[in-house]
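What follows is a single structure, written as structure tokens, with notes after it.
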Amino acid sequence: MTAPLKHSADITVDVALGDRAYDIVIGRGVLASLGARIAALRPGVRTAIVTDRTVARHWLEQAESSLAAAGIPTSRVIVEEGEISKTYAGLEKVSEALIAAKIERNDLVVALGGGVVGDLAGFAAAILRRGVDFVQVPTSLLAQVDSSVGGKTGINSPQGKNLLGAFHQPVLVIADTSVLDTLSQRQFRSGYAEVAKYGVLGDEAFFAWLEANHAEIFSGSAAREHAVATSCRAKAAIVSRDERETGERALLNLGHTFGHALEAATGFSDRLFHGEGVAIGMVLAAEFSAQLGKISEADAARVARHLAAVGLPTRLQDIAGFAQEGLAGADALLALMAQDKKVKRGKLTFILLEAVGRAAVVNDVDPTLVRDFLQRKLAG
Ligand code: GLY
């Protein structure tokens, strides 16, 4: 399949969760319809927009105008950009501001931003007055294809990422693909790792399409909407079957067990963006799968080749500062993986590949095999 040439009409993806079902509306310019869509969904509602400084500079006025045009009263809560806001202090700030804005049980919180804002605002909505509804307006590629869909909300503890949170589904997701034009190439690429993930974990045809059409996704042609919609459909299907991650949803963590350890080892700093950690993690998961005889070396190389083709890091040695500072050793990385909340009763759980396009959850992976594998990778 080649890339669609023209921007299509808006695409709506249904997240089929019974009486908590919701739409993901995808398209260039759909932010302008935010107010009308909320007014249709919740006549008479009041809203508060939670966003960060950078997103506010680009998109807050447009979001507010759309709400005002639909006659919806709104207030704004602006937080610092980045993980520094996904903390107890950030949650306190947002919660107190929402209470001061008199957001009641029947009102709506609007999360306008990337993954941090979505997780934080969603969690604040989940606990405010024992739960108010919220709308996700994701402004990063990563948030559009992953974090805004599926209802995972939360903040970090000093002891680890996302250790406090709630499953709280949004009532609507508005994914305006034109807002991605203001992202840096590095941010966009980082989100792209999550797009590629859907191909690698469950859809070989989509992966092949990405191999052929990735440049169009980056340039902002209609291929971008197709990629976002295909990713959202894949996630919606998995979430509707396993909302609380008792089984299949764990497949979405492909690349994340290695990736989170690498993020932690680099201090959750600009040395490694989340999606970059996922890209390296996916390649490690593919190579580890090959080592265990589950896929061929050629399949693992195919995954690495595509991610490298879009400019994503694929090796530990690609991490900024690796040559000067190195990285924690294999044992330290293993310890970081053991802290990950995806570990059950001390056993390592990995998402491994049975083919490009077919992942499986593998429990009880022998930690010594992982350590030996990492030692070899660290040695280059
Ligand atoms: N980001 C993985 C999930 O939503 O389950």
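When a/c reaches 1.5 or more, the comparison of a/b and b/c decides; with that in mind, is the chain rounded, prolate or oblate per its Cα gyration tensor? Prolate, because a/c is 1.5 or more and a/b exceeds b/c. With r as the distance between the Cβ atoms of Ser240 and Ala301 and R0 = 51 Å, compute the FRET efficiency 1/(1 + (r/R0)^6) and round to 0.05. Result of the calculation: an efficiency of 0.90. Assuming charge only on the beta carbon of Lys and Arg (+1) and of Asp and Glu (-1), the dipole of the chain about its Cα centre is about 460 debye to the nearest 20. Using a Förster distance of 22 angstrom, determine the FRET efficiency expected from the C-beta separation of Glu325 and Ile84, and round it to 0.05. So, using R0 = 22 Å, E works out to roughly 0.50. Length available on full extension from Ser157 to Asp181: 0.36 nm per residue minus the Cα-Cα distance, which gives 5.4 nm.
Site pair Glu354 and Leu164 shows an inter-label distance of 4.0 nm when each label is modelled 7 Å from Cα along Cα→Cβ.
Sorting the segments 127-139, 182-194 by their mean number of nearby beta carbons within 10 angstrom, highest to lowest, gives 127-139, 182-194. Please work out whether the range 135-291 counts as rounded, prolate or oblate from its C-alpha gyration tensor, where a ≥ b ≥ c are the square roots of the eigenvalues and a/c under 1.5 means rounded, while otherwise a/b larger than b/c means prolate and anything else oblate? Rounded, since a/c falls under 1.5. With contacts taken as Cα pairs under 8 Å and at least 6 residues apart, the chain reaches a relative contact order of 15 percent. Evaluated with a Cβ-only charge set (Lys, Arg +1; Asp, Glu -1), the range 29-178 carries a dipole of roughly 340 debye about its Cα centre, given to the nearest 20.
Simple rule: put +1 on each Lys or Arg Cβ and -1 on each Asp or Glu Cβ in the range 224-342, find the dipole, and look at Cys232, Ala300, Leu316; the Cα lying farthest toward the positive end is Cys232. With respect to the cross-link table entries Lys235/Lys377; Lys93/Lys161; Lys152/Lys377; Lys102/Lys235; Lys235/Lys347; Lys161/Lys235, which display a Cα-Cα separation exceeding 23 Å? Lys235/Lys377; Lys152/Lys377; Lys102/Lys235; Lys235/Lys347, as the Cα separations exceed 23 Å there. Name the residues of the range 58-102 whose amide N is less than 13 Å from a point 7 angstrom out from the Cα of Ala36 along the C-beta direction? Counting only backbone N, you get 66-67, 69-71.
Spin-label model, Gln62 to Arg20: label points 7 Å out along the Cα-to-beta-carbon direction sit 3.1 nm apart. By the beta-carbon count within 10 Å of each Cβ, the least crowded to most crowded order of Phe258, Phe167, fewest first, is Phe167, Phe258.
The numbers here are math on the coordinates, done by the rules we state, and not lab data. Small disclaimer: the values here were computed from a predicted structure and weren't measured. No Cβ is skipped: glycine too gets one built from the backbone with ideal geometry, and neighbour counts run over all protein chains shown.
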